[in-house]
1. How would segment 72-140 be classified by its alpha-carbon gyration tensor: rounded, prolate or oblate, with rounded meaning a/c under 1.5 and the a/b versus b/c comparison settling the rest?
2. At q = 0.18, 0.21 Å⁻¹, what log₁₀ I(q)/I(0) does segment 12-135 have when each alpha carbon counts as one equal point scatterer in the Debye sum?
3. Could you tell me the calculated FRET efficiency between Val56 and Ser78, based on Cβ-Cβ distance and R0 = 30 angstrom, to the nearest 0.05?
4. Kindly state, to the nearest 0.05, the FRET efficiency for Leu15 paired with Leu223, given R0 = 30 Å and r defined as their beta-carbon distance.
5. Which value in nm describes the separation of the simple spin-label points at Val135 and Ala87, placed 7 Å from the Cα toward the beta carbon?
6. Report the full-extension gain for the segment Arg215 to Val48: residue separation times 0.36 nm, less the Cα-Cα distance, to one decimal in nm.
7. Can you compute the label reach from Ala101? Point 7 Å from Cα along the Cβ direction, backbone N cut-off under 18 Å, restricted to segment 36-56.
8. For labels at Arg185 and Leu125 in the simple 7 Å Cα→Cβ model, what's the distance in nm?
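Nothing in this text is a laboratory measurement; each read-out follows from the coordinates by a stated rule. Note that the coordinates shown come from a computational prediction; the quantities given were computed from them, not determined experimentally. Quick reminder, even Gly has a Cβ in these numbers, built from the backbone with ideal geometry, and neighbours come from all protein chains shown.
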Amino acid sequence: MRIHPRINPDSRPVLAAVAIGTALVFLAWFALSSVALFDVGLWGNVPVPLSAAVPVMLDVALVVYSLSALVRRSRGQSARYSWTLLAFFTVVSLVGNATHALGIPEAVQPIVGAVVVALAPLAALASLGNLAGLVIAAPGARILPTSSAPVMEEVTNERAKMLDLVLTISSEHHQSKRSPENVRRVLDMLNNGATQKEAAETLGWSHTLVQQVVRDARPLGLLSAA
């Protein structure tokens with residue numbers, strides 16, 4: 001006897017609850033951390049109005065690098081740079097919060113403050129490098145040419161609906177491997193009996209990226225039943 005769950009774990013209310021809970025966690029974290037890092041800025045002889053820049057430099061950066069890593073992953077790009085920056089600035093923020101909470105001796109406070117404040121140029125450079133990696137194509141990246149004239153293709157209503165659904169799980173960014181054309185190729189291969197490994201090797205994708213497409217396409221009915 002198959003027992004159906006009372007609550008669909010993949011339903012919108014559940015996902016909304018997770019999103020709201022995550023937002024509350026972030027708000028609580030930033031509220032607590034900003035107080036500590038504000039004082040750490042004062043330890044580094046930063047004027048009172050400018051000390052607010054210290055939690056922005058560290059904690060806002062964590063949000064930026066987290067989102068950047070997700071964007072890179074969605075494009076099928078390596079997210080190692082974003083994850084590395086996220087780990088580094090998380091450690092710095094943890095150290096700042098911990099030293100503030102522990103109440104380290106006043107003689108040591110200026111050292112901690114100076115080290116944290118001295119990271120400002122590095123933080124700016126790291127953010128610039130992270131942004132450049134997201135919006136500027138790499139030297140070896142291929143940009144597919146597009147025709148200036150629209151190409152008309154007569155398709156059935158069913159095919160048109162399928163193409164619209166493909167667009168919802170694709171990326172239009174020119175650096176993304178998950179382009180609509182590539183997603184259609186993956187789905188065609190899988191629906192014609194190819195394995196996920198074969199599809200990944202054909203397109204030069206990682207197996208994880210193919211699995212993501214499969215996970216997104218299956219609820220939309222874009223994959224035939226195995």
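1. Numbers: a/c = 5.48, a/b = 2.50, b/c = 2.19.
Note, shape of segment 72-140 comes out prolate.
2. Per q value, in the given order, log10 I(q)/I(0) is -0.97, -1.16.
3. It comes to 0.65.
4. Details: r = 22 Å, r/R0 = 0.72.
Working from the Cβ atoms, E equals 0.85.
5. Output for this residue pair reads 2.8 nm.
6. Values: separation 167, 0.36 × 167 = 60.12 nm, distance 5.00 nm.
Contour length minus Cα-Cα distance gives 55.1 nm.
7. Under 18 Å, as judged by backbone N against the label point of Ala101, lie 36-41, 55 of segment 36-56.
8. Once both label points are built, they end up 3.9 nm from each other.
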